[in-house]
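The values are calculated or read from the model by the stated rules, or taken from the named source; none is laboratory data. Quick caveat, the model's predicted, so the values are computed rather than measured. Positions of Cβ are backbone-derived with ideal geometry, glycine not excepted, and every protein chain shown enters the neighbour counts.
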Amino acid sequence: MEQETIYKGLLQRGVSRIDFIKFCTVMAATLGLPSTFIPKIAEAIEKKPKPYAVWLEFQDCVGDTESFLGATRPTAGQLLLNVISLNYHETIMAPAGHQAEMSLDGVVKQGR
């Protein structure tokens, strides 16, 4: 299976190549990098898989999850579908019990 990248998500949403390069230029400027880094930023976004996350709640009150789910710019759905892969979140994932533990073990062992 081909890995999903941020660039593929941008293309699916209709972002043009010119707008993508402008975005990479803004990213370089924002990070204080010289213009020679623009191609490197573009390559990383085009070829690297979306970053993944494991969200562990531990002993908190789930308020951070509520805030995340209630966000509007960007929404949780936009972040999860276009920017990151949230591979484990015990509060909002479908599996529970042993199945949830298997999901976490899979992420830890395989890195995805």
*Could you identify the single residue in 25, 91 that is in the same structural domain as residue 4 (by TED's automatic domain parsing), surrounded by 12 or more Cβ atoms within 10 Å (Cβ to Cβ), touching a Ser or Thr at 6+ places or on another chain (Cβ under 8 Å) and among the hydroxyl-bearing types (Ser, Thr, Tyr)?*
25
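One line per residue, one yes/no per condition, for (1) within 30 Å of residue 109 (Cβ to Cβ); (2) of a type outside the set (D, E, K, R):
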{"residue": "5", "(1), (2)": "yes, yes"}
{"residue": "16", "(1), (2)": "no, yes"}
{"residue": "47", "(1), (2)": "yes, no"}
{"residue": "54", "(1), (2)": "yes, yes"}
{"residue": "57", "(1), (2)": "yes, no"}
{"residue": "63", "(1), (2)": "no, yes"}
{"residue": "70", "(1), (2)": "no, yes"}
{"residue": "79", "(1), (2)": "yes, yes"}
*What residue, of 49, 95, is part of a loop (DSSP other than H, G, I, E, B) and within 17 Å of the chain's Cα centre (by Cα)?*
49
*Among 58, 37, which is farther than 14 Å from residue 6 by Cα, among the aromatic types (Phe, Trp, Tyr) and assigned by TED's automatic domain parsing to the domain that holds residue 9?*
37
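Residue-wise test of (1) exposed (fewer than 14 other Cβ atoms within 10 Å of the Cβ); (2) modelled with pLDDT under 85.
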site: 16; (1), (2): yes, no
site: 19; (1), (2): yes, no
site: 45; (1), (2): no, no
site: 50; (1), (2): no, yes
site: 67; (1), (2): yes, no
site: 101; (1), (2): yes, no
site: 109; (1), (2): yes, yes
_Looking at the stretch 1-14 only, could you name the residues that are exposed (fewer than 14 other Cβ atoms within 10 Å of the Cβ) and small (Gly, Ala, Ser)?_
14
*Does any residue of the stretch 11-23 turn out to be assigned to a helix (DSSP H, G or I) and in contact (Cβ under 8 Å) with a residue 40 or more places away in the chain?*
no
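Out of 79, 86, 69, I need the residue that is assigned to a strand (DSSP E or B) and not assigned by TED's automatic domain parsing to the domain that holds residue 14. Which one? Write out each step before concluding.
Working: 79 fails: assigned to a strand (DSSP E or B); 69 fails: assigned to a strand (DSSP E or B).
Result of the check over 79, 86, 69: 86.
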